[in-house]
Amino acid sequence: WHVFLCGPLTYLSGPLSRCTIDNRVTRVAWLNRSTILYAGNDKWCLDPRVVLLSNTQTQYSIEIQNVDVYDEGPYTCSVQTDNHPKTSRVHLIVQVSPKIVEISSDISINEGNNISLTCIATGRPEPTVTWRHISPKAVGFVSEDEYLEIQGITREQSGYYECSASNDVAAPVVRRVKVTVNYPPYISEAKGTGVPVGQKGTLQCEASAVPSAEFQWYKDDKRLVEGKKGVKVENRPFLSKLIFFNVSEHDYGNYTCVASNKLGHTNASITLFELSEPTSSSLLQGPGAVSEVSNGTSSRRAGCLWLLPLLVLHLLLKF
C-alpha cells in the first residue's frame, strides 16, 4: 500500500489529507511524532519508502510506500509564516488483512476422548475467529473463539473442522483441520441365505470401523482360509464375502464372521441353508391352474349327464 500525506490545517483520521499553503508560508516540514521526515525539499529521514510528492505554492505532500503497521500514528505538517507557525496533523490508521498464523494439525483420536483445536489469527482490526464442522449434520458454528473444545468425541463428530478469520478488510481466511475418530467394529448387516445344491452361494458381512476392520470366517470353530477348494473370501474395507462356487450338502450350516481392529472385535452368525429348486412340472403348471382345468372339465361333463333324461322325457311326451 502507498499512503499520501498532504493538505489541510485540521485534524484528519485516515490515509489521505491535504495541506494547503499560500505565499505567506516561508518554511514547511513533515514530522512523524518528533522525527523530521522532510524540511522543505530536504529529506531528513533514512527510510527509502518516504518520498516527497509535491512542494508548490499551494501544496506540500509526501508519500509512504509499502505501508506496514509500524507506520501507524500521527503525522504533522508544520508551516512557518511571517506571523507565527501553524501545524496540521493527520493520524494514519493501518489496516491489515486477516492471517492465520497458527492452527492445529490433523488429529486421530479414539472415540470418547477429549480434543482441543487452536486457530490463532492476526490482523488490524483484530479478526474474529470461528470454528464450524464441515458435515451435513452440523448446524451453524461450533465455536466463536480461537479454541475449540470437544468433550467425549463421538464417531459422528469426525471429519473436517474449518477455522475462519475475518475483519472486513479483505475476504475471510479459511483453514481446515481433519479429525479422525477411531472406534471398534460394528457389524451392520449379516443375513443368512438359501441356495440349492450345485448352485453358487454368497454370504455377506458388513462392518463399519475406524481403522477399517479385518475379517475372518469360521465354521464350527474352524477358520476358513482363502485356498479352500470351491470357496473364496473377498475382503473390502467395510465388507467381506464368503463365496461358494458349487454348493454341496457339506457346505450347509452356520458360519461366523469376525470383524476386528486395534480397538476391539465383534462377530455375527450367518446361516447357509438348503433351498429346494422348483420341478419342471410345477414350472409348466401351478396347482391353481391344474385345479381350475380339472374343475371346469368335471362341470361340463356333469351338466351333460343330467340333461340327457330330460331330453328323452320331452320326446316321449311329444309323441
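So what J values fall out for the range 191-204 if you push phi through Karplus, 6.51 cos²θ - 1.76 cosθ + 1.60 with θ = phi - 60°, rounded to Hz, Gly and Pro as x?
Values, residue by residue: 10, x, 8, x, 9, x, 4, x, 9, 7, x, 9, 9, 10 Hz.
Given a 1.4 Å probe and heavy atoms of the protein chains only, how would you sort D221, D42, D145, largest accessible area at the top?
Reading off the accessible areas and sorting them downward yields D221, D42, D145.
Could you please report the charge total around F245, scoring K, R as +1 and D, E as -1 over all other residues with beta-carbon less than 14 angstrom from its beta-carbon?
+2
Using modelled amide H (1.01 Å from N, peptide plane; none on Pro or chain starts), what sits under 5 Å from the amide H of L239, excluding residues fewer than 5 places away?
So L239 has HN proximity to A207.
Skip the ligands, DNA and RNA, and give the accessible area per residue of the range 153-238 with a 1.4 Å probe, whole Å².
Ligands and nucleic acids excluded, the figure is 57 Å² per residue.
So which of K178/K219; K232/K262; K137/K262 end up more than 30 Å apart by C-alpha?
K178/K219
For the range 50-178, give the percent of accessible area contributed by carbon and sulfur heavy atoms, probe 1.4 Å, rounded to a whole number.
Heavy-atom surface of the range 50-178 belonging to carbon and sulfur, 1.4 Å probe: 44 percent.
Rank these by accessible area, largest first, 1.4 Å probe: Y75, Y70.
Final ranking, largest accessible area leading: Y70, Y75.
Considering only protein heavy atoms, what is the solvent-accessible area of W44 at a probe of 1.4 Å, reported in Å² to the nearest 10?
Its accessible surface works out to 150 Å², give or take rounding.
Hey, what did the range 104-184 get for relative contact order, percent, Cα under 8 Å, at least 6 apart?
38
Which far-off residues, 5 or more places away or on another chain, put their amide H under 5 Å from the one on T81, with H placed in the peptide plane?
Here the answer is T26, K86, since their amide H atoms fall under 5 Å of that of T81.
How big is the gap, in Å, between the Cα center of the range 179-225 and the Cα center of the range 31-49?
For the range 179-225 versus the range 31-49, the Cα centre distance is 80 Å.
The values are calculated or read from the model by the stated rules, or taken from the named source; none is laboratory data. Values in this document were obtained by computation on a predicted structure and should not be read as measured data. Because the Cβ atoms are built from the backbone with ideal geometry, glycine has one as well, and the counts that use them run over all protein chains shown. With ligands, DNA and RNA removed, areas are computed over all heavy atoms of the protein, side chains included. Shrake-Rupley method; radii C 1.70, N 1.55, O 1.52, S 1.80 Å.
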